[in-house]
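For reference, the structure is listed below as structure tokens.
The values are calculated or read from the model by the stated rules, or taken from the named source; none is laboratory data. Owing to the predicted nature of the structure, the values given are computational and were not obtained by experimental measurement. Virtual Cβ from ideal backbone geometry, glycine too; neighbours counted across all protein chains shown. Calculation scope for accessible area: heavy atoms of the full protein, side chains included, ligands and nucleic acids excluded. Shrake-Rupley method; radii C 1.70, N 1.55, O 1.52, S 1.80 Å.
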Amino acid sequence: MRNPETTMAGKPKLHYFNGRGRMESIRWLLASAGVEFEEKFINTPEDLDKLKNDGSLMFQQVPMVEIDGMKLVQTRAILNYIATKYNLYGKDIKERALIDMYTEGIVDLNEMIMVLPLCPPDQKDAKITLIRERTTDRYLPVFEKVLKSHGQDYLVGNKLSRADIHLVELLYYVEELDSSLLANFPLLKALKTRVSNLPTVKKFLQPGSPRKPPLDEKSLEQAKKIFRIN
């Protein structure tokens, strides 16, 4: 589903390093909406400095997305704009509040998984144990209960929203960590299958798409160098 407005205005341009990080949810959301985008990878500290020095980064940070004549920064602001523009943000203020609430919970767990590669080796096992516990005891039961409570295909309003897309992205990461963690959540597994089979998402999940693989040692070292992380 190509959006003529996006085509006329030019594709959104994503500025980030060639890895998941905070840009991956933006990639997922755009791809799910059927929006083609370009990526301008930050490969060196100098690339990042150039963006900072030319005034492209309001808070001196990426991700940054050029869209509709704007240079948007701050991940939540970018996601909110995309979700609103492509009708993935509910039909009214109450649905939007639910979507926000679910999304914030998803972000909490996603953040724990995202920073795992930066964890010192001697703390990694404890962190993984904590993530497993939070996944099965705190976060996934909430979403399983929501789906069970209304018996509908999607989390809010029986219509695909950003909450479903963010949750399915998270479920893929949970499975990468430990595939057994989804065993007791049949409705979430069904949601994952349902959303993964949507044509736009299915395309994004194919090899060669802009979807990024898990961070490996080489990519991690490059990211640390770019962002000057010791």
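So which residues in region 38-57 are under 20 Å from Glu24 (Cα atoms), open to solvent by 70 Å² or more (accessible area, probe 1.4 Å) and of a type in the set (S, T, N, Q)?
Passing the criteria: only Asn43.
If a residue must be part of a loop (DSSP other than H, G, I, E, B) and open to solvent by 40 Å² or more (accessible area, probe 1.4 Å), how many such residues does region 185-207 contain?
4
So which residues in region 35-53 are of a type in the set (A, V, I, L, M, F, W, C) and out of contact with any strand residue (DSSP E or B) (no Cβ under 8 Å at 6 or more places or on another chain), if there are any at all?
Matches in region 35-53: Val35, Leu48.
Among the residues that make up region 49-68, is at least one of them touching a residue at least 60 places away in the same chain (Cβ under 8 Å), outside any helix (DSSP H, G or I) and more than 19 Å from Arg20 (Cβ to Cβ)?
no
Look through Lys224, Lys218, Lys189 and report the one residue that is charged (D, E, K, R) and within 25 Å of Ala31 (Cα to Cα).
None of the others qualify; the one that does is Lys189.
Restricting to helices (runs of 4 or more DSSP H) lying wholly in region 88-162: which have 2 or more residues that are loosely packed, with under 12 Cβ neighbours inside 10 Å, of a type outside the set (A, V, I, L, M) and touching a Ser or Thr at 6+ places or on another chain (Cβ under 7 Å)? Before you say what the answer is, go through the steps one by one.
Details: elements: 93-114, 121-134, 140-150.
Passing ranges: none, list empty.
Since Ile226 meets every condition but one in (1) out of contact with any Phe, Trp or Tyr (no Cβ under 7 Å at 6 or more places or on another chain); (2) modelled with pLDDT under 95, which condition does it not meet?
(1)
What do you reckon, is Thr75 among the β-branched types (Val, Ile, Thr) and either in contact with a Ser or Thr (Cβ under 8 Å, 6 or more places away or on another chain) or modelled with pLDDT under 95 (or both)?
Working: among the β-branched types (Val, Ile, Thr): yes; either in contact with a Ser or Thr (Cβ under 8 Å, 6 or more places away or on another chain) or modelled with pLDDT under 95 (or both): yes.
So Thr75 fits the description; yes.
Between a residue in region 82-108 that is modelled with pLDDT of 95 or more and any residue that is open to solvent by 60 Å² or more (accessible area, probe 1.4 Å) and of a type outside the set (A, V, I, L, M), which pairs come within a Cβ distance under 7 Å, given they are 6 or more apart or on different chains?
Tyr89/Arg96; Gly90/Arg96
Say whether the condition of being of a type in the set (S, T, N, Q) and under 18 Å from Lys224 (Cα atoms) is met by at least one residue in region 86-101.
Checked region 86-101: no residue is of a type in the set (S, T, N, Q) and under 18 Å from Lys224 (Cα atoms).
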